[in-house]
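I have placed the structure first, in the form of C-alpha cells, so that the comments after it can refer back to it.
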C-alpha cells in the first residue's frame, strides 16, 4: 500500500479534545477501509501566515498513513464537510520518517534552549541594567543640592 503524510488544520476555536476526537474518527475511517495510521502528532496551536476563514491561528495535526487511495479520498471528503477543518494536505512519500517529525524536534530544541537560558548570569545583569534604566532620573538641581559641602 502507498504511504502518505497527511496534515490538517483545525479552527482555533475548537478545543484540543475536539481535535483529538476528530483525529480518532479519521483513524477509524482509515482502518475501516483497510489502511493503518502509523503515527499521529498534535503540533498544537500555531499562528498562520495569513487569515483563513477569519482565523489567525489553527490546531495542526500530522498523520502518517499506510492506506489505499480510497481511504485517503474518504478522509479528505470528511474534512471538506467538517466546518472545523480549515485546510488539509496529503502527500505521498516513499517512506515514513522515523522518530518525531521536524516540527516536534524543533519544539523540543526550543524548549531545551529556554531551559538552558533560564538563569544565566549575563541575563540577570542585563535585566538589572534594564530595570536601572527605567528608574526615574533625578533632576540636575536635586543632584547638585545634595553634593554641596
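None of the figures in this text is laboratory data; all of them are computed from the coordinates on show. Model, not experiment: these values are computed from the prediction. Counting neighbours? That spans all protein chains shown, and the Cβs are built from the backbone with ideal geometry, glycine included.
Observations, loosely collected:
- Packing, as the average of other Cβ atoms within 10 Å across residues, places the peptides 5-14, 96-105, 80-89, 22-31 in the order 5-14, 22-31, 80-89, 96-105, highest first.
- With one equal scatterer per alpha carbon and no solvent term, the Debye-computed log10 I(q)/I(0) for the stretch 1-43 at 0.14, 0.16, 0.17 1/Å reads -0.35, -0.46, -0.51.
- Nitroxide proxy distance, nm - points 7 Å out along Cα→Cβ at residue 25 and residue 45: 2.1 nm
- Both the radius of gyration and Dmax for the stretch 3-104 are 13.1, 37 Å, in that order, over alpha-carbon atoms.
- Mean Cβ count within 10 Å, highest first, over the residues of peptides 67-78, 48-59: 67-78, 48-59
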